[in-house]
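The values are calculated or read from the model by the stated rules, or taken from the named source; none is laboratory data. This one's a predicted model, so the numbers in the text were calculated from it and none came from an experiment. Glycine gets a Cβ as well: all are built from the backbone with ideal geometry, and neighbour counts include every protein chain shown. Please note that ligands, DNA and RNA were not included when accessible areas were found on the heavy atoms of the full protein model with its side chains. Shrake-Rupley method; radii C 1.70, N 1.55, O 1.52, S 1.80 Å.
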Amino acid sequence: MSTLVRSEEDVDPEFWPGIANVPSGPRNKVAAALAEKIFTAAVNRLQLRVLYDDGTVLGAPGGGPRPEMRIHRPDDFFARLGDNGLIGLGEAYMAQDWTASDLTEVMQVFAAQAAHLVPVPLQKLRGLYLPKPPRKERNTKVNTRSNISRHYDLSNDLFNLFLDDTMSYSSALFDANGPQLLDARWEDLPEAQQRKVDRLLDQADVGEGTRVLEIGTGWGELAIRAARRGATVVSVTLSSEQKELAEQRVADAGLSHLVTIELKDYRAVEGQYDAIVSVEMIEAVGYEYWGVYFQTIDRLLAPDGRVAIQAITMPHERMMVTRRSYTWIHKYIFPGGFIPSVRAIEDITDRYTSLRVRERLSMGDHYAQTLRLWEERFLAHADDVSALGFDDVFQRMWRFYLCYSRAGFQSGYLDVQQLIFDRRP
């Protein structure tokens with residue numbers, strides 16, 4: 001495949017090759033034309049207004065307000081879309097081939113119709129023309145450290161700019177539901193994050209003397225709150241940046257005698273624990289390794305122990321269709337990751353472990369508002385992000401990631417669940 005360098009753009013072609021270079025060549029010309037036909041047919045059924053700089057307007061008939069997507073460089077946009085599907089959509093945004101009046105609202109329209117955007121006959125052929133996950137990103141013991149590092153070792157200072165004081169990088173649980181959730185403020189976030197953690201610890205029966213294993217340390221908030229209950233905590237992570245800051249936060253809290261943080265793959269953990277807690281880490285395990293993940297938890301859990309997991313989930317049918325896909329999120333945000341369905345979790349634990357799901361709490365609407373607050377904070381600190389050395393392309397990438405994710409939860413395409421497991425007959 002030949003490429004055309006976008007020399008007119010302030011994009012480093014060595015650091016951002018997928019953004020600086022636009023796919024071209026005879027094969028891409030055909031793919032771009034097909035992508036344009038599919039895109040045009042899809043958006044003309046959607047409650048979306050697509051404007052081209054030449055004045056062309058697309059969208060379903062009818063009036064009323066609707067989010068606007070403006071396409072500035074249609075040739076480049078469809079070249080990317082034809083070459084890489086939804087990866088191309090994200091790269092086109094990073095390259096500013098298109099912009100949006102409200103990026104989350106535009107992405108929500110697409111997310112709500114994700115299963116119907118491409119005609120069914122072409123969906124069956126997706127495996128022939130869309131990229132496959134690279135073998136180097138499979139979550140083997142050799143690869144996993146690199147996958148985790150690419151995201152979580154970006155910079156503690158970067159995450160500190162848009163996370164609250166608890167440094168919690170997962171869905172909060174607000175003290176509100178329904179329309180009242182839309183009023184969630186930045187000032188509410190720390191308490192909402194602690195409420196989320198405390199509920200997991202409560203459901204796992206964590207108290208004085210409990211032996212706790214945490215899979216996925218984050219920046220230490222759960223370990224700290226468990227230790228304050230009198231529990232002894234072993235927490236494992238593959239992020240050296242997270243380990244360093246989490247240990248500092250544990251020390252500042254005066255809890256180093258109760259908390260041990262190890263740079264270790266979950267598969268290498270030994271011992272026995274009364275409670276095992278893991279917050280939004282299963283998404284990084286990979287489809288092929290969910291069985292190993294739950295078998296490891298089963299092996300480490302004491303006979304009367306309990307497990308509390310917070311997991312992003314998706315509908316089972318969509319999970320099965322996309323389980324071998326390579327997406328924009330894989331390429332730019334979470335290499336090697338994949339989101340499970342609740343059914344997949346229940347099937348795997350039923351077949352391969354003695355663990356059984358005893359309780360579920362759905363909190364997808366809470367994640368949408370958590371992401372809204374993160375995005376607002378990230379945009380407010382744009383100058384500080386630049387000062388850390390992250391360029392404009394990175395900032396557009398990060399905003400697309402936050403809005404793309406929030407759209408998934410607002411549309412119902414994604415959910416987040418707290419799942420409690422035990423071994424009762």
Problem - Listed peptides 331-342, 78-89 by packing density, highest first (mean Cβ within 10 Å) - result: 78-89, 331-342
Exercise for the section: Determine the gain in length on full extension of the stretch residue 288-residue 177; use 0.36 nm per residue of separation and subtract their C-alpha separation, reporting nm with one decimal. Expected result: 36.4 nm
Handout entry: For the chain: lysine pairs under 18 Å (alpha-carbon distance), excluding those fewer than 8 apart on one chain
Key = 7
Handout entry: Extent along principal axes [Cα atoms of region 1-108; Å; largest to smallest]
Key = 44, 28, 24
Exercise for the section: Classify region 208-361 as rounded, prolate or oblate, taking a ≥ b ≥ c as the square roots of the eigenvalues of its Cα gyration tensor: rounded when a/c is under 1.5, otherwise prolate if a/b is larger than b/c and oblate if not. Expected result: oblate
Problem - Potential extension, residue 268-residue 360 segment - 0.36 nm per residue separation minus Cα distance - result: 30.3 nm
Practice task
Note down the relative contact order for the chain as a percent, whole number, built from C-alpha pairs under 8 angstrom at least six residues apart.
Solution key: 16 percent
Problem - Cβ-Cβ FRET estimate between residue 392 and residue 256, R0 fixed at 45 Å, reported to 0.05 - result: 0.65
Fill in the blank from the handout: Honestly region 370-425 on the Cα gyration tensor test (a ≥ b ≥ c root eigenvalues; a/c under 1.5 rounded, otherwise a/b vs b/c for prolate or oblate) is just prolate
Practice task
Quote the charge dipole size of region 25-84 about the Cα centre in Debye, to the nearest 20; the model charges only the Cβ of Lys and Arg (+1) and of Asp and Glu (-1).
Solution key: 180 debye
Handout entry: Segment residue 96-residue 352, length gained on full extension (0.36 nm per residue, minus Cα span)
Key = 87.5 nm
Fill in the blank from the handout: For residue 202 and residue 232, extending 7 Å from Cα along the Cα-Cβ vector and measuring point to point gives, in nm, a value of 2.7 nm
Fill in the blank from the handout: Whole-percent carbon and sulfur contribution to the accessible surface of the chain (1.4 Å, no ligands, DNA or RNA) stands at 51 percent
Handout entry: Backbone N under 19 Å from the residue 304 label point (7 Å along Cα→Cβ), restricted to region 259-278
Key = 272-277
Practice task
With label points built 7 Å along Cα→Cβ from the Cα atoms of residue 47 and residue 165, find their separation and express it in nm.
Solution key: 4.0 nm
